[in-house]
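Worksheet: the structure to be examined is printed underneath.
The values are calculated or read from the model by the stated rules, or taken from the named source; none is laboratory data. All values reported here derive from a predicted model rather than from experimental measurement. Here the Cβ positions follow ideal geometry from the backbone for every residue, glycine too, while neighbour counts run over all protein chains shown. To get the accessible areas, we keep the full protein, side chains included, count just its heavy atoms, and leave off ligands, DNA and RNA. Shrake-Rupley method; radii C 1.70, N 1.55, O 1.52, S 1.80 Å.
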Amino acid sequence: MCSSRTLRSRKSLDPELLRRHMLDMKKPTRTLKELQALLRERFEAIPELRGVRTDVEDGGIAWVDSSERGGANWTVRRVRPLDTYRADVARIIREAQAKYELDAEATEIPADW
């Protein structure tokens, strides 16, 4: 593996080398409550969703065992019908999954799991 310094010093980056480097980087972790607050805040920025309950409140965030390197270790449980799917909401969730990992050690697991 190469260091960040090595990557910055190259004039043209090898896409495969860059991809491997990005996969090896650790994502910052957030607790369950922090992820919920972050997602709620982003949803509230969408005028039609202000004050509306979402799957984050009703379904919750769940830890998942990611089988791929760099994949998300959490998801939002879907409780709404598929016909209410919103691409902007899905994008917000995917962006958060790409940026943060769920800190499983600092997260209380609900009794109904």
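Condition (residue is modelled with pLDDT of 80 or more and either over 24 Å from Glu105 (Cα atoms) or in contact with a Lys or Arg (Cβ under 6 Å, 6 or more places away or on another chain) (or both)) applied to the stretch 16-29: is it met by at least one residue?
no
Run down Val76, Val52 and say which single residue is open to solvent by 30 Å² or more (accessible area, probe 1.4 Å) and β-branched (Val, Ile, Thr). Show your work before the answer.
Numbers: Val76 fails: open to solvent by 30 Å² or more (accessible area, probe 1.4 Å).
Going through Val76, Val52 in turn, just one is open to solvent by 30 Å² or more (accessible area, probe 1.4 Å) and β-branched (Val, Ile, Thr): Val52.
Can you tell me which residue in the stretch 75-86 is farthest from Asp103 (Cα to Cα), limited to those that are at pLDDT below 90 and outside any loop (DSSP other than H, G, I, E, B)?
Restricting to residues being at pLDDT below 90 and outside any loop (DSSP other than H, G, I, E, B), the top hit is Asp83.
Pairs please, first residue from the stretch 44-58 and of a type in the set (Val, Ile, Thr), second anywhere and surrounded by 10 or more Cβ atoms within 10 Å (Cβ to Cβ), Cβ atoms under 6 Å, 6+ apart in sequence or on different chains.
Taking only residues 6 or more apart or on different chains, the pairs are Thr54/Phe43; Val56/Gln36; Val56/Leu39; Val56/Val76.
Please find, within the stretch 97-113, the residue that is nearest to the chain's Cα centre (by Cα) out of those that are surrounded by 13 or more Cβ atoms within 10 Å (Cβ to Cβ) and at pLDDT below 90. Reasoning before the result, please.
Keep residues of the stretch 97-113 that are surrounded by 13 or more Cβ atoms within 10 Å (Cβ to Cβ), which gives 97, 100-104, 107.
Imposing the further condition that a residue be at pLDDT below 90 reduces the set to 103-104, 107.
Values: Asp103: 12, Ala104: 14, Thr107: 15 Å.
Top of the filtered list is Asp103.
Failed condition for Glu48, given (1) modelled with pLDDT of 90 or more; (2) within 15 Å of the chain's Cα centre (by Cα), with all others met?
(2)
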